[in-house]
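First up is the structure itself, then whatever we jot down about it.
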Amino acid sequence: MSTQTDYYELLECERTADAGTIKSSYRKLAMKYHPDKNAGCKDSEAQFKAVSEAYECLKDPQKRAAYDR
């Protein structure tokens, strides 16, 4: 049983999504949870960091392939 976070679920996109869809979803969520828009909200800050981590992994084709295994 894995406790790894599902990056696709975090970014609200399908596993078959292309790079453009992933980028678009990331930008939408980054704007929503950005610390400057939600000053003082620790939950939003944590969600922003999680979304950023997911995008960092999925934007790189090699990292994404390794993650998908």
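So which residues in the stretch 52-69 are exposed (fewer than 12 other Cβ atoms within 10 Å of the Cβ) and under 19 Å from Ser24 (Cβ atoms), if there are any at all?
First pass over the stretch 52-69, keeping only residues exposed (fewer than 12 other Cβ atoms within 10 Å of the Cβ): 61-62, 65-66, 68-69.
Within the stretch 52-69, Pro61 is the sole residue that qualifies.
Looking only at the stretch 6-18, count every residue that is touching a helix residue (DSSP H, G or I) at 6+ places or on another chain (Cβ under 8 Å) and without any contact (Cβ under 8 Å) to a residue 60 or more places away in the chain and tell me the total. Let's see the steps before the verdict.
First, the residues of the stretch 6-18 that are touching a helix residue (DSSP H, G or I) at 6+ places or on another chain (Cβ under 8 Å): 7-8, 10-15, 17.
With the extra rule that they be without any contact (Cβ under 8 Å) to a residue 60 or more places away in the chain, the set shrinks to 8, 10-15, 17.
So the count comes out to 8.
Values in this text are rule-based calculations from the coordinates and carry no lab data. Note that the structure is predicted; figures quoted are calculated from it, not measured. In this analysis, Cβ positions are derived from the backbone assuming ideal geometry, glycine residues included, and neighbour counts consider all displayed protein chains.
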